[in-house]
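S.K.: The structure's right below; bear with me while I get my questions together.
The values are calculated or read from the model by the stated rules, or taken from the named source; none is laboratory data. Everything numeric in this text was worked out from a predicted model, so none of it was measured. Because the Cβ atoms are built from the backbone with ideal geometry, glycine has one as well, and the counts that use them run over all protein chains shown. The area values use the complete protein model at the heavy-atom level, side chains included, leaving out ligands, DNA and RNA. Shrake-Rupley method; radii C 1.70, N 1.55, O 1.52, S 1.80 Å.
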Amino acid sequence: MKRSGAVCILLIISLFSGAAAQIIRKPIPDKLVVLTFDDAPVTQATVVAPLLKKYGFGGTFFVCEFPPDFSDKKKYMSWEQIRELDRMGFEVANHTLTHSNVSKLSSAQFTAQLDSLEARCRQHGIDRPLTTFAYPGYGTNPAAFEVLKAKNYQFARVGGARPYDPTKDYPYLIPSYSTTEPNNSDKERIFNAFQQAKNGKIVVVTIHGVPDYAHDWVTTPPAIFEDYLKYLHDNNYTVIALRDLAQYVNTDEALRTIQPPLPTVSIQVDLNQEKGRMDPVWAWFGYDEPNYTYMKDGKKLLSELSALSPVPVFVRTHSLLVTGDGTAALKWGATNVYTEDAKGKPVYDWTIIDKIFDTYIERKMKPLAQIGFMPEALSSKPQPYRHDWQPGQPYDKIYTGWRYPPNDYEKWAELIYQWVRHSIRRYGKKEVESWYWELWNEPDSPYWGGTVDEYNKLYDYSVDAVRRALPTAKVGGPHVTGPQGKRGATFLKAFLDHCRSGKNYVTGKTGAPLDFVAFHAKGAPRLVDGHVRMNLGTQLRDISSGFQIVASYPEFSKLPIIIGESDPEGCAACGMKTNPENAYRNGTLYSSYTAAAFARKYELADAHQVNLKGAVSWSFEFENQPWFYGFRDLATNGVDKPVLNVFRMYGMMRGKRVKVTGNMPYQTMAIRDSSVRRAAPDVNALATRDTASNTATVMLWNYHDDNLPAPVSPVDLTIKGLPTKQVLVTHYRIDDEHSNSYAVWQQMGSPAQPTPEQVKTLEKAGQLAQYGYPVRTDVANGEVKLTTVLPRQAVVLFVVTW
């Protein structure tokens, strides 16, 4: 079954590679640019055409009879001038007869508009068939595609501010850059756009009047226009008309194999409507193998995590009290803090645990200090103790002597007391007061070899020891598995009942100290018909159930909640070779899932009115393992994966969360209940406003449970409530071509041992990438409008500053 799944995945890749080869008639050279001119202003005849001839460039003129004053020949070209453009060898093309917004036209009305403009051309001696079209105002309509196809049009142009990729972009939605949006004087923006004409991509540019006497807001100053032409000429660009793309692109094949994009998603962000704090609940990470902490790549990744967060990052790890020599291994770790001499006297050795915590403190990180697991000398059932589990082997193999209750609760308590005292001496009382102390991991599962009552007893002894050493320490638990399940929910309630009204095993009094509540939440990916299908809904139901349980206890309903492991599934060390359902981890499915999931954690906390403090991503790195093996990790061999860049994005989102509305296909509760399984993807947003830095941020994602090829999703974004006349917009992106070391590694041929030069390239590809460069954009009536196109599983962050 696993092998057949892999074969299906390879077949899909092969089919799409073959389709791309059929679309391209001949290799597309770098530096190929298409210049297009809209609306027929008079200066296209008097200024533009002579300059194009001067530099030997082609061009496409999308003409119409722009109402109401097309007859004013001081503003618009005459039909004689338009005919002269055709005779000069330029392309005259269709922009509808009356500059009509296609999104508001029926198929019959659109056909009539095309026919009328074609008739005008024939009437005035332009006999060459019209084969390209530009949407007035960029307004599109899926019904228009069939009309264009029936009339044998080859290409149709829109906006979008990105290069045209003939193997991915639908021929009737060719993206273009505008010389006047967001302003008409930013030459560097257009020069930068020209530079994107490489690696099989073509740059198409939209230009209006030079200048434009009818509509001054789309004017391109003549001097700046000639600077563009001079730049293209001096840098050896090839400049052609849109129709000339037919020599490179097989339109029939492209129309057959490339799906048209999904309907546009319109999203509105209102900066004046606050929803709550943008608490950095994402700045929590964890892993099974504590000894990776102070190894080469472990320290590098911890430094990166610290650098991306505006607050100290919390780190949780297992096996801090396990007996062993500190050798790192999968699902294993050891510090050897506790042994006994021949007479049974405790021997404490803090050497390894100090190396771990020193690594955190040096980076201004904070431990979510896990009290566990059981030292060999204290285990009530110590043998066997050390395991040698490997991926593909039965998971139960990891459950050895470290999971059992102590044979002496007093010795256990003294170990915890000495550990906390040692931490205070080494790091200072104030520092240790900022930590969280928690007992064990998933005690409702085989991680705990005792009963519920024995766990509560161990909790009482542990908390008493911590508080004797530091009365102000923050303590909590129990880190059960997903509370939507009966096992996790029953254990969590029993623990909370004990903390509220049970008899304390140490003091004999009622209840036990509890400063925070912790539980886990996991998704459930599967391999379905050769592709990975995620299940975000399963994880959200765990979270919602846990919030509901905590909220039902008045004594604890306002306590901080820590989701101690919050992930797409349950085994970080199970790679995709042995678990093909985990093939999501290297690429953009993991990053889009993470973006969509964290946004919904905020929403669920709001809905249940609970205090979400943190959600631990149980993902780190695995030292000295094969490249991109498919572990649930943030980096491989020191190279960051796409998912890490989502956290870099979150690190830039500060201040208050603000209201987001629109025609998004899914809302939080629908995803919680049914996940993302309909045909439409989850295209949505999370937005913030930080008044301290005059910054707004909007994260967009295009997520779907099913990791299959799919059309892109256009997004129209409106940001309201901007208290300024102009903003600087910076666009960051994670997709197949940006912030994606895995895609670059695959392009290299997936080398098992990359060369030092390749490693440098991969490290650069693993960083968060800007899409273009920052653009100054005018604000009208407190609003700015942005458009983008999101490929499936892409994540975008707009940072708007003023």
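S.K.: If you place +1 on the Cβ of every Lys and Arg, -1 on the Cβ of every Asp and Glu, and leave all else neutral, what size is the dipole of the chain about its Cα centre, to the nearest 20 Debye?
M.R.: That gives the chain a dipole magnitude of about 640 debye.
S.K.: Just the accessible area per residue of the chain, please: how many Å² with a 1.4 Å probe?
M.R.: On a per-residue basis, 38 Å².
S.K.: Cross-link candidates for Lys411: which lysines have Cα within less than 20 Å, leaving aside residues fewer than 8 places away along the same chain?
M.R.: Lys343, Lys345, Lys381, Lys457
S.K.: Within the range 320-422, which trypsin sites (Lys or Arg not before Pro) sit in a loop by DSSP and count at most 13 neighbouring Cβ atoms inside 10 Å?
M.R.: Passing both the DSSP loop test and the Cβ count: Lys343, Lys364.
S.K.: Given the options Ser178, Val158, Pro129, identify the residue whose Cα lies farthest towards the positive end of the charge dipole of the range 125-211 (+1 on Cβ of Lys, Arg; -1 on Cβ of Asp, Glu).
M.R.: Pro129
S.K.: Right, something else. What residues have an amide H closer than 5 Å to that of Asp706, excluding those fewer than 5 places away on the same chain, when H is modeled at 1.01 Å from N in the peptide plane?
M.R.: Met534
S.K.: If you take every DSSP beta bridge fully contained in the chain, what fraction is antiparallel? Give it as a percent rounded to 5.
M.R.: Among the beta bridges of the chain, antiparallel pairing accounts for roughly 50 percent.
S.K.: Right, here's the next one. Write down the percent of antiparallel bridges among all DSSP beta bridges whose residues are both part of the range 65-205, to the nearest 5.
M.R.: Close to 10 percent.
S.K.: Next up: Rounded to a whole number, what % of the accessible area of the range 39-193 do carbon and sulfur atoms account for, probe 1.4 Å?
M.R.: Ligands and nucleic acids excluded, carbon and sulfur give 50 percent.
S.K.: Whose amide H sits under 5 Å from the amide H of Arg162, counting only residues 5 or more places off or on another chain, with H placed in the peptide plane?
M.R.: Ser176, Tyr177
S.K.: So what's the convex hull volume per residue for the Cα atoms of the chain, in Å³?
M.R.: Taking only Cα atoms, the chain has a hull volume of 161 Å³ per residue.
S.K.: Have a look at Cys499, His531, Ile543 and report the one farthest towards the positive end of the charge dipole of the range 495-584, computed about the Cα centre with Cβ charges (Lys/Arg +1, Asp/Glu -1).
M.R.: After comparing all options, I get Cys499.
S.K.: Using Cα positions and a limit of under 25 Å, work out the lysines in reach of Lys31, with same-chain residues fewer than 8 apart set aside.
M.R.: Straight-distance partners of Lys31: Lys53, Lys54, Lys168, Lys187, Lys198, Lys201, Lys230, Lys764.
S.K.: Top to bottom by accessible area (1.4 Å), largest first, where do Asp72, Asp127 land?
M.R.: Putting Asp72, Asp127 in descending order of accessible area: Asp127, Asp72.
S.K.: Shifting gears a bit: Nearest-5 percent of antiparallel DSSP beta bridges in the range 520-629?
M.R.: Antiparallel bridges: around 30 percent, rounded to the nearest 5.
S.K.: List every residue whose amide H lies under 5 Å from the amide H of Phe373, counting only residues 5 or more places away in sequence or on a different chain, with H placed 1.01 Å from N in the peptide plane.
M.R.: Excluding prolines and chain starts, which carry no amide H, the hits are Ser319, Leu320, Leu321, Val322.
S.K.: Another one. Over the range 88-184, what is the relative contact order in whole percent, taking alpha-carbon pairs under 8 Å and six or more residues apart?
M.R.: 25 percent
S.K.: Putting +1 on Lys and Arg Cβ atoms and -1 on Asp and Glu Cβ atoms, find which of Trp389, Ala794, Ala143 reaches farthest to the positive end of the dipole of the chain.
M.R.: Ranked along the dipole, the leading option is Trp389.
S.K.: For Lys331, what is the net charge nearby, where nearby means another residue's Cβ is under 11 Å from its Cβ and Lys, Arg count +1, Asp, Glu -1?
M.R.: -2
S.K.: Let me ask you something else. So which chymotrypsin sites (Phe, Trp or Tyr not before Pro) in the range 196-291 are both in a DSSP loop and have at most 16 other Cβ atoms within 10 Å of their Cβ?
M.R.: Filter output for the range 196-291: Tyr213.
S.K.: Right, another one. Contour minus end-to-end for Asn101 and Gln758, with contour as 0.36 nm per residue of separation and end-to-end as the Cα-Cα distance?
M.R.: That works out to 231.7 nm of additional length.
S.K.: Follow-up. Sequence gap at least 6, Cα distance under 8 Å: using those rules, report the relative contact order of the range 292-334 to the nearest whole percent.
M.R.: 25 percent
S.K.: Can you give me the % of accessible surface on the range 392-545 that is carbon or sulfur? Probe 1.4 Å, all protein chains present, nothing else counted.
M.R.: Looking at the range 392-545 in its full context, I get 46 percent from C and S.
S.K.: If you don't mind, another one. Taking R0 as 51 Å, what FRET efficiency do you get between Thr327 and Gln667 from their Cβ-Cβ distance, rounded to the nearest 0.05?
M.R.: Calculated transfer efficiency: 0.60.
S.K.: Hey, another quick one. Tell me the carbon and sulfur percent of the accessible area for the range 195-303, rounded to whole percent, probe radius 1.4 Å.
M.R.: Looking at the range 195-303 in its full context, I get 46 percent from C and S.
S.K.: Would you mind counting up the charge near Asn694? Only other residues with Cβ under 14 Å from its Cβ, with Lys and Arg at +1 and Asp and Glu at -1.
M.R.: Combined, the nearby Lys, Arg, Asp and Glu give +3.
S.K.: Shifting gears a bit: Can you tell me, using C-alpha contacts under 8 Å and at least 6 residues apart, the relative contact order of the range 722-767 as a whole percent?
M.R.: 42 percent
S.K.: Where does each of Arg648, Arg632 land when they are ordered by accessible area, with a 1.4 Å probe and the largest first?
M.R.: Greatest to least solvent exposure: Arg648, Arg632.
S.K.: Further, regarding this structure: In square angstrom, rounded to the nearest 10, how much accessible surface does Lys760 have for a 1.4 Å probe?
M.R.: Lys760 has an accessible surface of roughly 130 Å² with all protein chains in place.
S.K.: Assign unit charges at the C-beta atoms only (+1 for Lys and Arg, -1 for Asp and Glu), then state the dipole size of the range 667-763 relative to its Cα centre in Debye, rounded to the nearest 20.
M.R.: That gives a dipole near 420 debye.
S.K.: If you don't mind, another one. How large is the helix-only mean residue ellipticity at 222 nm for the chain, computed as the sum of -39500 (n - 2.57) over DSSP H runs with n ≥ 4, divided by its residue count, in deg cm²/dmol to the nearest 500?
M.R.: Calculated at 222 nm, the ellipticity per residue is -9500 deg cm²/dmol.
S.K.: Let me ask something else about it. Compute the Cα gyration tensor for the range 708-794, then decide on rounded, prolate or oblate, letting a ≥ b ≥ c be the square roots of its eigenvalues: rounded whenever a/c is under 1.5, prolate when a/b is larger than b/c in the other cases, and oblate in all that remain.
M.R.: Cα axes put the range 708-794 in the oblate bin.
S.K.: Please give me the summed charge of the neighbours of Gly766: other residues whose Cβ is under 13 Å from its Cβ, Lys and Arg +1, Asp and Glu -1.
M.R.: -1
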